[in-house]
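J.: This is the structure I want to talk about, given as structure tokens.
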Amino acid sequence: MTASNDRTIATTAELSLNDLIAERLSRRDLFSGLAATAAVSGLALTSASPIAAQTAKAASFTFKELASGIDDRHHVAEGYDADILIRWGDPMFADSPAFDPLKQTAASQLRQFGMNNDFLGFIPLRADGTQGLLCVHHEYAESKMMFPGLGNDTRKASLSTTAEQVAVEMASMGGSIVEIAREAGKWLVVRTSQYNRRITALDTQMTIDGPAAGHARMKTSADPTGARVVGTLNNCAGGITPWGTWLMSEENWHYYFSTDQVDDQGRAKKGLGGAQEKSWARYDLPARRTNWGKYVDRFNADKEPNEPNRFGWIVEVDPMDPNSVPVKHTALGRFRHEGCENAITLDGRVAVYSGDDDRGEFVYKFVTAGKYDAGYRIANMKLLSEGILYVARFNADGSGTWLPLVHGQGPLTVVNGFASQADVLIDTRLAATAVGATPMDRPEDVEPGPGGRVVLALTNNAERKEGAQDAANPRGPNPHGHLIELLEDGGDVGATKFTWSMLVLCGDPAKPEHKAKWHADTTADGWFSAPDNVAFDPAGRLWIATDQGTSWAKLSGKADGLYAVEYEGAKRGLSKLFFRCPIGAEMCGPRFTADATTLFLAVQHPAADGAADWKPFGKASSAQDPATRWPDFKPDMPPRPSVVVVTKKGGGRIG
Ligand code: FEO
Ligand code: CA
Ligand code: CA
Ligand code: CA
């Protein structure tokens, strides 16, 4: 069911920031031991507050497992509804034009829900959680699935776009803030909301702060200050802060910075970085994957070699102020940020976790210098400007260390090519290698959970060589990925030491060659490959979303989906399938409301990935000839990435 209406359900006057903060605290208490702080500051915790879960063991899952498989639609476990909330192209404002896939313009896309929804954040506007802002990432624009007539070859289609199509792509990426409300049990989009907003790669003005702001390497011909930038790119998993701001991660931003200098295969030449060559080589710059640099000079790395330095950061957005200027926080480092979920340290600072999603890259944690103050939101919005960025070393004995990336400490000196903290942060990857971080099998989402526990998804690494395994990445090659559970010392997310253990080695437990490790009761439906997004529900239980990409047939032979994974006691490592995607889609964005009666999910790129391996279709998808036309199933409508709302039939908590 598609639900959208044109009524404003609450006026702004009814919204109270105290309600907002109380709601945020109630969710965060579970994770950060903040109950005492909340009591002292006099903030009421809502009835949905799950504090009890902090000490009690998380309850086990009781839903009846969904049958795995792959077909042209989505499926949810018995007893649940899964309704479509909003789709790519849906109107977000009262004056938005209707979506017309044959007449797309940048102007219309700027007023419509973006492409390829990924992260979902929910910021309640009412203490009872029935109204709030959904903050959505639009990870990428896939030309062949957007524009009819470009064929079904991903690379060729992306290099065949017109200038207007590139502008549409830039407008379709970034994020959306959408007000939603629950009426008679169903969630609806509030199209007239004053909060609704598109953040894009095309036209959203942002500022840059932190140690790299204003540095010579951040300056371009359009921005001689090195402290202003237009747009954000490839925002994948993200985060919401305790003060109700939205953290947008910039992941595969390097794809968009191209060169006109190509080799005889038509690919970007290597070694074009000049004085920045070491940096460019490590960040895979430049690329030759889109036409952006053909039409827009700042995405042409030959013309603007510093523009790539202005991407790869964490962006903070204040959804409560539709005119606020988003800030790129350079203190959190520059890499392919996957996720930026966060929690409060025992002494009141804020720890933000991120993976760097590439083979052999690292896991990071940033800890703010200042302390969170529940009563001082403006000050909280400066917290991410200053602090220490750490990178993880996983030792073979199950211990681990967060290594600080601070200029002047250890090898991070002028002699080694780091002239200042700006260099350390612009070249975070090089700095992390220098201090001896552990190269991991593509770190995706990193999620802090109850009691200083952090779950880390390593999606896979088919290129890890036999013999190059280590304790934290024990399979070479590792096509199926794994989950690591990390426990911060003293249960404190501010700690600089931790212990870690393997939670699950993904793959088919019935195939010894996979060397998978699950609880013995995990069924043929319940095991998975390629973990990506991690979420804890309000009871502190763990959920994992998968993204097998084009390799689904080789990996599991099943559609991507959402799995409930036990991590405590005798059931540790028992996984059950709850929801699955249509062919070609990955599962993103699991997000529960504080009362656990609603689960928001993002189905990304339906029909797009690996359609040739799906026998009923047997070829690659394009916009006019896709493997599925989910969720509309209309002959003139391409498949559309959509947000799905899961509720229990008759009401109640999910799972
Ligand atoms: Fe966009 Fe690392 O997944
Ligand atoms: Ca992801
Ligand atoms: Ca997450
Ligand atoms: Ca992924």
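The values are calculated or read from the model by the stated rules, or taken from the named source; none is laboratory data. Quantities reported herein were computed from a predicted structural model and do not represent experimental measurements. Don't worry about glycine lacking a Cβ; one is built from the backbone with ideal geometry, like all the others, and counts go over all protein chains shown. Surface areas here come from the heavy atoms of the whole protein model, side chains and all, with no ligands, DNA or RNA. Shrake-Rupley method; radii C 1.70, N 1.55, O 1.52, S 1.80 Å.
J.: Restricting attention to the stretch 62-94, report how many residues are part of a loop (DSSP other than H, G, I, E, B) and farther than 19 Å from residue 578 by Cα.
T.: The number of residues fulfilling the criteria is 6.
J.: Within the stretch 515-543, track down each residue that is within 16 Å of ligand 2 (Cβ to nearest atom), of a type outside the set (Gly, Ala, Ser), touching a residue at least 60 places away in the same chain (Cβ under 8 Å) and within 20 Å of residue 610 (Cβ to Cβ).
T.: Listed by number, the residues that qualify are 531, 532, 533.
J.: Moving to a separate point now. Testing residue 482 on (1) touching a residue at least 40 places away in the same chain (Cβ under 8 Å); (2) surrounded by fewer than 19 Cβ atoms within 10 Å (Cβ to Cβ); (3) within 16 Å of ligand 4 (Cβ to nearest atom), one condition comes back false. Which one is that?
T.: So the condition that residue 482 fails would be (2).
J.: Does the stretch 366-373 include one or more residues that are under 20 Å from the mean Cα position of the chain (by Cα), under 20 Å from residue 443 (Cβ atoms) and surrounded by 18 or more Cβ atoms within 10 Å (Cβ to Cβ)?
T.: yes
J.: Does the stretch 619-628 contain any residue that is away from ligand 3 (no atom under 16 Å from the Cβ), modelled with pLDDT of 95 or more, in contact with an Asp or Glu (Cβ under 9 Å, 6 or more places away or on another chain) and charged (D, E, K, R)?
T.: yes
J.: Mind listing just one residue for me: the one in the stretch 406-437 that is out of contact with any Phe, Trp or Tyr (no Cβ under 7 Å at 6 or more places or on another chain), assigned to a loop (DSSP other than H, G, I, E, B) and touching a residue at least 40 places away in the same chain (Cβ under 8 Å) and, of those, most open to solvent (accessible area, probe 1.4 Å)? Steps first, please.
T.: The first filter runs over the stretch 406-437 and keeps only residues out of contact with any Phe, Trp or Tyr (no Cβ under 7 Å at 6 or more places or on another chain), leaving 406, 408-411, 413-423, 425-427, 430, 433-436.
Still in the running and assigned to a loop (DSSP other than H, G, I, E, B): 406, 408-411, 413, 417-420, 427, 436.
From what is left, the residues that are touching a residue at least 40 places away in the same chain (Cβ under 8 Å) are 417, 420, 427, 436.
Details: 417: 55, 420: 33, 427: 12, 436: 30 Å².
Among those residues, the one meeting the criterion is 417.
J.: Take residue 495 and tell me if it is open to solvent by 40 Å² or more (accessible area, probe 1.4 Å) and in a loop (DSSP other than H, G, I, E, B). Please lay out each step first, then the result.
T.: Details: open to solvent by 40 Å² or more (accessible area, probe 1.4 Å): no; in a loop (DSSP other than H, G, I, E, B): yes.
No: the conditions fail for residue 495.
J.: Still on this structure: Is the stretch 399-409 home to any residue that is aromatic (Phe, Trp, Tyr) and closer than 19 Å to residue 340 by Cα?
T.: Yes, the conditions are met somewhere in the stretch 399-409.
J.: Restricting attention to the stretch 513-549, and to residues there that are more than 24 Å from residue 74 (Cα to Cα) and assigned to a helix (DSSP H, G or I), which single residue is most open to solvent (accessible area, probe 1.4 Å)? Show your work before the answer.
T.: Within the stretch 513-549, the subset more than 24 Å from residue 74 (Cα to Cα) is 513-521, 538-540.
Then keep just the ones that are assigned to a helix (DSSP H, G or I); that gives 513-514.
Working: 513: 129, 514: 30 Å².
The qualifying residue most open to solvent (accessible area, probe 1.4 Å) is 513.
J.: Working only within the stretch 140-171, note down all residues that are under 22 Å from residue 230 (Cα atoms), outside any helix (DSSP H, G or I) and hydroxyl-bearing (Ser, Thr, Tyr).
T.: 140, 161, 162, listed by residue number.
J.: Any residue at all in the stretch 453-474 that's assigned to a helix (DSSP H, G or I), under 26 Å from the mean Cα position of the chain (by Cα) and away from ligand 4 (no atom under 16 Å from the Cβ)?
T.: First pass over the stretch 453-474, keeping only residues assigned to a helix (DSSP H, G or I): none.
Scanning the stretch 453-474, I find no residue that is assigned to a helix (DSSP H, G or I), under 26 Å from the mean Cα position of the chain (by Cα) and away from ligand 4 (no atom under 16 Å from the Cβ), so the answer is no.
J.: What residue, among those in the stretch 537-562 that are out of contact with any Pro (no Cβ under 7 Å at 6 or more places or on another chain) and within 14 Å of ligand 3 (Cβ to nearest atom), is nearest to residue 616 (Cα to Cα)?
T.: 547
J.: Kindly indicate whether any position in the stretch 567-580 is within 16 Å of ligand 1 (Cβ to nearest atom), more than 19 Å from residue 144 (Cβ to Cβ) and either open to solvent by 10 Å² or more (accessible area, probe 1.4 Å) or in contact with a helix residue (DSSP H, G or I) (Cβ under 9 Å, 6 or more places away or on another chain) (or both).
T.: There is no residue in the stretch 567-580 that is within 16 Å of ligand 1 (Cβ to nearest atom), more than 19 Å from residue 144 (Cβ to Cβ) and either open to solvent by 10 Å² or more (accessible area, probe 1.4 Å) or in contact with a helix residue (DSSP H, G or I) (Cβ under 9 Å, 6 or more places away or on another chain) (or both).
J.: Looking only at the stretch 267-288, decide whether some residue is within 21 Å of residue 137 (Cβ to Cβ) and modelled with pLDDT under 95.
T.: Yes - at least one qualifying residue is present in the stretch 267-288.
J.: Let me ask you something else. Of 63, 119, 99, which residue is within 16 Å of ligand 3 (Cβ to nearest atom) and among the aromatic types (Phe, Trp, Tyr)?
T.: 119
J.: Hey, can you tell me all the residues within the stretch 451-462 that are open to solvent by 10 Å² or more (accessible area, probe 1.4 Å) and farther than 15 Å from residue 546 by Cα?
T.: Of everything in the stretch 451-462, those that are open to solvent by 10 Å² or more (accessible area, probe 1.4 Å) and farther than 15 Å from residue 546 by Cα turn out to be 451, 453, 462.
J.: All but one of (1) out of contact with any Ser or Thr (no Cβ under 7 Å at 6 or more places or on another chain); (2) part of a strand (DSSP E or B); (3) away from ligand 1 (no atom under 16 Å from the Cβ) hold for residue 355; state the number of the condition that does not hold.
T.: Of (1) out of contact with any Ser or Thr (no Cβ under 7 Å at 6 or more places or on another chain); (2) part of a strand (DSSP E or B); (3) away from ligand 1 (no atom under 16 Å from the Cβ), only one is false for residue 355: (3).
J.: If you don't mind, there's one more thing I want to ask. Only one of (1) within 16 Å of ligand 1 (Cβ to nearest atom); (2) in a loop (DSSP other than H, G, I, E, B) fails for residue 552. Which number is that?
T.: Failed condition: (2).
J.: Give the residues of the stretch 95-128 that are in a loop (DSSP other than H, G, I, E, B) and open to solvent by less than 10 Å² (accessible area, probe 1.4 Å), sorted by residue number.
T.: Within the stretch 95-128, 113, 114, 115, 116, 125 qualify.
J.: Mind checking which residues of the stretch 315-352 are more than 17 Å from residue 123 (Cβ to Cβ), open to solvent by less than 10 Å² (accessible area, probe 1.4 Å) and within 16 Å of ligand 2 (Cβ to nearest atom)?
T.: 335, 337, 338, 339
J.: Being within 18 Å of residue 457 (Cβ to Cβ), touching a residue at least 60 places away in the same chain (Cβ under 8 Å) and either of a type outside the set (D, E, K, R) or not in a strand (DSSP E or B) (or both) is true for just one of 360, 348, 375. Which residue is that?
T.: Values: 348 fails: within 18 Å of residue 457 (Cβ to Cβ); 375 fails: within 18 Å of residue 457 (Cβ to Cβ).
Residue meeting the stated conditions: 360.
J.: What single numbered condition from (1) within 27 Å of residue 561 (Cα to Cα); (2) under 17 Å from the mean Cα position of the chain (by Cα) fails to hold for residue 187?
T.: (2)
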